[in-house]
Each structure stands twice: as C-alpha cells, then as structure tokens.
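FYI, it's all coordinate maths here, none of it is from the lab. Just so it is clear, the structure is predicted and the values come from calculations on it, not from any experiment. Here the Cβ is made from the backbone with ideal geometry for all residues, glycine too, and neighbour counts use every protein chain on show.
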Amino acid sequence: MKIKLFTLLAFVFSIAIHGQNVNVTGTVTEASTGQPLPGVNVLLKDTSRGVSTDFDGNFTFNDVPLNSVLVISYLGFVSQEVTITNNQPINIALQEDTESLNEVVVIGYGTQKKKEITGAVSVVSSETIETLKPTRIEQALQGQVAGVNIVSNSGSPGASSTISIRGISTNGDNRPLILVDGTVVEDLSVINPNDIESVNVLKDATAGIYGVRAANGVILITTKSGRKEMPLTIEYNAYGGVQETTRKLPMLNATEYALLLNEAFAANGESLPFPDVSGLGQGTDWQDQVFQNAPIFSNALTLKGGGKESTYAFGSSFLTQDGIVGGNKAKFTRLTKRLSYGLDFLENFKLNSGITWTHTVRRTLPETGIGSVLFNALNMAPTIRPNGAAENLGFEVVNPNKQIDNTYNRGLVDKINGNINLSYNFLENFTAQASYQFNYAQTTGRTFSPIVDYGIQGTVDKVFDIERNQVVESRNYFRDYTFDAFIKYENSFNDAHNLNLLLGTSVFKTTGNFTGSVGFEIPDNYVGNATIENSTGVQNIVPFESTFDSRLLSYFARLQYDYKGKYLLSAVVRRDGSSNFGPQNKFGIFPSGSIGWIASEEAFLEDSSLINFLKFRASYGILGNDRIGSFRFVSLLTGEGAYVFDDVLTFGTTPGAIANPQIKWEKQKTFDVGLDVRFWDNRFDLTVDYFKRRTEDLLVSPPVSGILGAAAPGSGSPFINAGIVENKGFEFAIGYTEELSDNFKMNLKYNLTMLDNNVISVSSSGDFIPGGAFGIGQDPPARMEAGQPIGYFRGFRTNGIFQNQAQIDNSPVLNNNTQPGDLIFVDINGDGVINDDDRTNIGDPIPDATMGLNLTFDYKNFDFGAYAFASVGNDIVRNYERNLPRTNRTVQYLNRWTGEGTSNTFPRVTTGATNNTLFSDFYVEDGSFVRLQNVQIGYSISPETAEKWGIHKLRLYVSASNLVTLTEYSGYDPTASTGEAIGGGIDYGFYPNPRTYLIGMNLKF
C-alpha cells in the first residue's frame, strides 16, 4: 500500500513538473572571438514562437515549458539545441559553419546560397588561410581547390606565382581574373592574407557573368568586415621564424672535380690541369657560401565592429622577409593599411566602401637563368677560394659571393585601390546598384652597377664585367577603373517559383606610362651616390611605346530561376567590346547557362537515412579573351628607324609591330557536368566534375619571314587568330567531418584533378610556335604543335651509351664527333640517318594529375593541421649545367662511362667536341612530387582563463611550411617554373621555395 501511494505521488509530481513553464534568459556569443552576436534567432522547437538576441547578444524568452528544446540559429553558424531543465541563465557559443549548404557564396554581381549554385564553385575559408600563414594568398590555394594549380616562379621573397584553373588554354595570358571586394587586382603581393575572409573560385561557365576577363576562371576575394550591432573587436596576429633551403645539390668536391677534369682533358689529348690532387681536399662548397638561414616576421592588427545602421573595419599589417640567398640583398617588406565602411542611409538605401594602401620594397638578385647567383654557385669550381676570381670558367660563370656584394637592385611599389558601392531598393522587388572600383600604382626601380672585374684582373673576360659604372632609374604609373551599374528584380510566385533577373553594364579602362633613365660615372663607385642627379651622360631608356591604353565596354543580363528549390536554372548573355580589336570585330556576344536538380528534395530521397543532400548540375558557355597588346589591329609608330638627312644619321620612329586588322576575339567553349553529395548525417561530402574546355581562334604571334621587317627594332610579328587547344579532365573532392566527443573533432579532405591537354591545331598550314631556351645557341626546346600538349619538350630520344666503335659503325649517328661513351640518339623515323626529323616528344611540363590532402583535428584546447600536395606526370628540363670544360658538375657524373660496360646512363667526359650537350631526354626528368606543405600545432587558452585576463581568445602555435618533399627530380625544387605556356617546366637554376619554421600567436579582445 505504501509503495502504491509513493508511486501515485511521484506520478502527480512529475505531471506538475512537466506542466511548469519558466522564463529563460541567456547570452549568445561567437565561439572564435567570444564577442556577443546580435540578431540570433532563439526558437521553441516545433513551434513558431521565438525571440532574437539584442545588441549585447542577450535574450529573454518567457513562458518556456520545462524539458522543451530551444533552437539557436544564425546565418553562417552551426545551429545548436538546448534542453531547458530549469530557469538558470544559459550561455551559447556558436561555431562558424563554413560547410553549411545555406552559406552565402559570392558568384558575381550578387550572392547565392551554396545549395542553389549550379556551377563549379569552390570556397577557401579564412580559417584555412590563417592555418597556412602564406606570405602571398595564392600559396593558400595550392592543394585546397581541385582544378587550381599554382606554379611558383621563384622562392625569393616577394616573388610571384602563376595560377592556372583547369589547365593551360592559350599560348598567351592564362591568368584568371582576380577581384578583391570587386576591384581588379593583378599582383597579389599587395594583399595581406590576414585581411581575407574568404576566397571563391569560379571554374566553369558561371564565370561568364564577368565577361572577357573571365575566360581563364575567376577568383573572388572577400575581405573581413564588421557586422551591424557588433561591439569593437580587436584582433592581433603575429609570427616570426626562420627560413632555410630545402635542398643542396650534391656537387663534386675539389678532389673529385680535379680528377674528372684530368680525365676530360686527357680524353682530348690535352695536358692535365691538376697533375697533383693530393692537397685539394673538399675545397669550397659554393652552395654553403650563398645559402643562409633567413628571418621572417609578420604583424597584423584588425579592428572591426558596427552600429545599428553601420559597419566598419580597419586593418594594418607589416611583413619583412629576408632571402635564403643573399639575406637582405634579397629582402621583401610589405606595409598595408585597409579601411572599409558600410552605412544604411535609409532602410532601402545602402552604402559600402573600402580603400587599401600598400607599400612594398623588394630587393632582388640575379636569378633564373645564365648568370644567376645559384647558376654560378653550381658551376663555380670548388678549387677556387671564396674570394677568388672565376678564371677559365667561360664568359658567364662568376664568383657568386662577389656577385652578391656588387648587386644593388631595389623596387618600390605604392598602390591604392578602393571601391564604393551604392544600392537602392524600390518597388518592393527591385534593386538598383552602382559601384566604382579603382587602382592606382606607382612603381619605382633603381639598379646600381659598380665597376667590377669578375675574371682575370685588367681584362674584360666576363660578360658581367663592368668598366664604367652606371645607375638605372625607372618610374612607371598604372591606373585603372571599373564602373558597374545594374538593376535586379527578385520575386517569388505561388510559393514555388523563385525568379531573379539582372540587367547591367560595365566599363573598364586601364592606362599606364613608363619613364626611365640611365646615368654613368657615379662618384667614388659608391651605391650611396647612385642617383641620376649624381651621374653624367644621362640617357633616356624608355622605348618609343611608353604608354598603353586599353578599354572594355560591356552589357550583360542574367536569369536565375528555381522551382520549389529543386529545379535550378541560370542563364547569362554578355556583349563585350574591346579596344584591342578593330571596328569590324570590336564586339562579341558570349552566352552561357547552367542547370541543376536537387534530387534530395524529391519524395523518393526526402526520408533517406543515408543521403542528406544530392545535387546534379551542368553548365555550358562561350567566353571571350582579348589579352593581347593594345591596338594591334593598326600600325603604330613604335619602331626605331634610322634616317640620313644632309649626310647626317638621324634616329627616329617607324611603324612598329606588324598590324593585322582582321584579328578578333579568342573564344573558349567550356562544358561541365557534376554532382554534389552529402551523406551519413552530413559526415561526408563529395563533389565530382567532368569538364571540357576548348579554346578556338587563339590569338597567336607566329614566326614570320624576315623580309616583312618583324625583326627590326621595335617591331614584331602580327597577331593572328589560329589554333585550337583543348583541356578535359575530372575533378574529385571528398571531405569527412566527425565529432567523436565533446573534446575531439576531426576533418579530413582530399581532392584530385586529372587533366589531359592537347593542341588540336596551330594554323591551317600546320605551323608550330617555339618557346623556352636550352644551353647556348640551341633551338628552343618547347613547342606548341598540333597533336601534342601545349609547351611539350622536343628533342632527341636516347637509348643508352655507345660502348664501342663497332656499335657506332653499325648505327646511325648525328656526325663524326660520335665516340664510344656518347649518348645513342634514336632514329625515330627509321631512315638510317640522325637529323632534325628524329627530334620528338620527350616530355610534358603539364601534370597528368594533382592532389591535395588536408587533415585537421581539435582535442580540448589543442589543434593540429597538416596539408599536403602532390603533382604526378609532369616533366622538368635540367638546364642549370653550363657544360663547359672547367665548370663543376653533380656527383651523378661519378657514374659516367669510363670504358666498355662501365655505364649505360651517363656519358663520358671530354673537352673535345661532343653531341652529348644537345637537347635530349638525358636532360629531362620526372618532376612528380609529394610535398608536406604545412604542419601546425596550436594551443588556445580556456574561455574561463580568457575571461579572467579580459580577452576573448589567445592561441599560440608553432608551424613548419614546405617541410618535406618526396621527388626523384635532382634539381632544387620541382614546383618552380617560369609559368609560361610554351617554355614552362625548364629549370634554369630556380631559387628554391624555402622551408619555414614559425612561432606565432592569435589574440582577440
């Protein structure tokens, strides 16, 4: 009886509890900063009741039933659910959701929810950029976005990179259009990566909304800004560290070098240069002489916030980086200031604006080619002392220590870019918007060349010897502006049809002018006196074509439609006009379109326990390209002519490059089909794309007959429309996110791009376009030719080493110089003769596949991140060996042929005439590599400690970049290249990308 009574009382009590309502108060903050979030929705689950947080992130929700659930949601953040068990105040910290399907993505003249995008668009978040700590933003794209390949032009501080999206489409300019808050940016070195909020990459026909400049894809960069009703937030990010070379090539030491030279001289019947090698030892390691550990430091401060009707942000940063070759002689510094401001004048009238000032100073050394510091370090004899003269080493090889001491190059860039945007909403569904963006840059350069003798004193035996000092000063100005204006109509009908119409126009103009002078006889041969004002014999060095002016006028329209959020359509048409073409071909019309189907919204998948989201999409479009010099359709007086008047030779102008009034738009036809899937409770996300890009009517400048005058000073070959290039391939990206516990979260991402590049034609007559360089006086090693990848390497294919004279007598040979120990050139066409017809495809600089692997996890207050990138199938030409009798060589020559059966890979050494230095696959190597790009470990203090210290966040970290590279390539760096479409992939002795160790902090308060 007692038990029954107790059970009855408990039942009644539980009913009372469940029926009780309480008033709930709480605060919602941003997890990463601790700042309050105004305007957050707090809803009672499965009802329409709700409240919003105020300016301080606080809320009060009255009459909430106990054991009910509150849903806290805010755009761009992961929603949370909280069960109410009592009336105690609750605190919620929302995490940013960079993977949300409702995330708003910038797509061009507007935004769109990620789930509704019908094109191939990839996003890189600020978190990824902060983890990688790049000095240039393009370094953060490598391995993060499928289809995007970054080629480093040099590892020297401040050096640029070449970005290509889905292959190389033209022999000319393959750069994508880059917009920072809507402003065109050509040089990413002026952007501070700490200022970046997100990077969106448009890879297919959806880029067509940007018209002519978007043929090679579009990169949209959005900088950080404040939010309305956001209190002042201060962020300070700093790091410092040291850089070192990732590799030193194994060169011959002094004793090995002397023995090899003795052998080479003896093979040609000459006396030995080193009769006694016993006292030479190791000699001078010239790589140790030029490489050094170099410091790098960065400081960045950001302030942001907002009022009820306004937002603001201010950023300032300073970066300084010394070079691993030359130290402060190869130094880069960058100072940036950025300010943005937004204001709602009225409920329907809004202003957004921003301005950025950048000041960079870059000191440089000779690099990438004959005469560069590293070229000299590799070819300098180890028997010469560190301060010795480079005697008997040819005209080009000099002492690199002396070269560094006598090099004074400095370039300054001051750049201002800004934007102002006004938008006005009217008639409920209409928005009118106008924006103006501008760039102004002034570049100043100064080079001082002191009197110096690199070889035998008193003789001019080196091409770099200077008998009369000189200073060169240049000052160039670049200006451009873009004006966009459009009207947008948005409406929904019958809760099923969603329509967005856009109609607009765009004007772009870019101009520039160049000035420069050279002066001689600087007092005291001292760099401190090296100015034009202190020199004599001043001459103007600016060419006759000292200005440029290029303009675009465009009209565009876009239709976006979806039915019940399941069936998606986007169509764009754009009419672009360019001043680079004549009156008959000035304008072109370029349409594009895309469709999508969100299958997961259908009834047959709506309740799927496996698939959370499934979208199929396809796009096709035609995009134009006009990236050639201005006014090449008419003859300009930009050439240099010599005339005789009254028996006096007078210099003047003549027509410059040969004109072609028929040139027209280069057209790119791009097709993409893909799918996006999320499954297993959104743990996995998968994106797969097949793409095909066909570029027709290429704007090429082919070789022409000399009788046309193309070789005259200031002249050049005409541009013509000829050639077709095709890129096709697959992109695959998969991600896995798991929250194993409240203390452990992990994220794993992998992407793969497979690419096939092929030149369909160059011209109707089957011509080719050469490019690149190898050795001295040899034909260009790279070509654009039908049936081959663009820029493929053409040379002799080898089949081992001739072992004896009988083998030579029974084989076709190039000439009578062939001897046992020489390379065997393959008779490709089988005609019994080795000649130019036997040169063939011996390598391709374009990778067959690229891959990226990214791993991050958080455990309690610790975080870890690792990023890797791989390139497979690309070849590299080894072109940093001078191959003169007395220049040094790599230790691979210790495996040279010295007699029958001794080697079938490395030829003999000799000072006599030999065919072994001709371009062949002996100099082509597999450039495939896997690189661990970044590893970082961080620790964040607990929120409780941060609150005690009066801050919101403090994170300390250590990181290592470019940590490990696995490759069979024997050069410094398999990632370095000139980035040229024809001639890329040739290693002229590239400055390697450094390995960097950093320690840093992220502070927010």
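Some observations on this one:
- Across the options L675, N62, A214, the greatest Cα extent toward the positive end of the charge dipole of the chain (unit charges at beta carbon of Lys, Arg, Asp, Glu) belongs to N62.
- Between S154, S189, V124, the Cα set farthest toward the positive side of the dipole of segment 104-223 (charges on each charged residue's Cβ, about the Cα centre) is that of V124.
- At full extension, A806 and I760 could sit 12.2 nm farther apart than now, given 0.36 nm per residue minus the alpha carbon distance.
- Across segment 574-659, Cα-Cα distances exceeding 19 Å account for 68% of all pairs.
- Charged side chains reduced to their Cβ positions (Lys and Arg at +1, Asp and Glu at -1) give the chain a dipole of some 2120 debye around its Cα centre.
- Between segment 196-232 and segment 437-492, the Cα center-to-center distance that results, in Å: 29 Å
- Qualifying aspartates and glutamates (Cα of each under 16 Å from Cα of K45; at least 8 residues distant if same chain): D63, E81
- Square roots of 5 times each gyration tensor eigenvalue, C-alpha, segment 104-223, largest first, Å: 21, 18, 13
- Between the helical axis of 254-267 and the longest alpha-carbon principal axis of the chain there is an angle of about 50 degrees.
- For a label point 7 Å along the Cα-to-beta-carbon line of D779, residues of segment 788-832 with backbone N under 11 Å: 794-796
- One way to sum up the overall shape of segment 478-584 is the equivalent ellipsoid from its Cα gyration tensor, whose semi-axes run 57, 17, 10 Å, largest first.
- Extension reserve of the E738-S48 stretch, reckoned as 0.36 nm per residue once the Cα distance is removed: 245.3 nm
- Residues Y736, Y312 in ascending order of nearby Cβ atoms (within 10 Å, fewest first): Y736, Y312.
- Counting only lysines at least 8 places from K664 when in the same chain, those with an alpha carbon closer than 16 Å to its own are K586.
- Rg(Cα)/(2.2 N^0.38 Å) for segment 327-451, N = residue count: 1.88
- R0 of 51 Å, Cβ-Cβ distance L686-N817: FRET efficiency to nearest 0.05: 0.30
- At R0 = 45 Å, FRET efficiency that the Cβ-Cβ distance of L675 and T902 yields, to 0.05: 0.20
- In terms of distances greater than 22 angstrom between alpha carbons, the cross-link table entries K113/K615; K509/K728; K113/K564; K692/K749; K564/K749; K203/K615 yield K509/K728; K692/K749; K564/K749.
- In summary, the aspartates and glutamates within cross-link reach of K308, defined as a Cα separation below 19 angstrom excluding same-chain residues under 8 places away, comprise E30, D54, D56, E229, D344, E347.
- Once the Cβ-Cβ distance of L427 and L301 is raised to the sixth power relative to R0 = 35 Å, the FRET efficiency obtained is 0.20.
- Sorted largest first, extent of segment 227-291 alpha carbons per principal axis (Å): 87, 24, 12
- Full-extension gain in nm, W949 to V964, via 0.36 nm per residue minus C-alpha separation: 1.5 nm
- Charged neighbours of G873, selected by a Cβ distance under 10 Å, balance to -4 (K, R count +1; D, E count -1).
- Taking the chain and dividing mean pair separation by its residue count, relative contact order in percent (alpha carbons under 8 Å, at least six apart): 11 percent
- Of the cross-linked pairs K248/K402; K224/K1004; K248/K462, those separated by over 22 Å at the C-alpha level are K248/K462.
- Two-decimal ratio, the chain, of alpha-carbon radius of gyration to 2.2 N^0.38 Å: 1.07
- Taking the Cα centre of segment 104-223 as reference, the dipole from Cβ charges on Lys and Arg (+1) and Asp and Glu (-1) amounts to some 320 debye.
- Average projection area in nm² (convex hull over Cα atoms of segment 937-1005, one quarter of hull surface): 7.1 nm²
- When the chain is described by a simple charge dipole with +1 on each Lys and Arg Cβ and -1 on each Asp and Glu Cβ, the residue from Q80, G283, T914 located farthest towards its positive end is Q80.
- Dividing the helix sum by the residues of the chain, where each DSSP H run of 4 or more adds -39500 (n - 2.57), gives a mean residue ellipticity at 222 nm of -2000 deg cm²/dmol.
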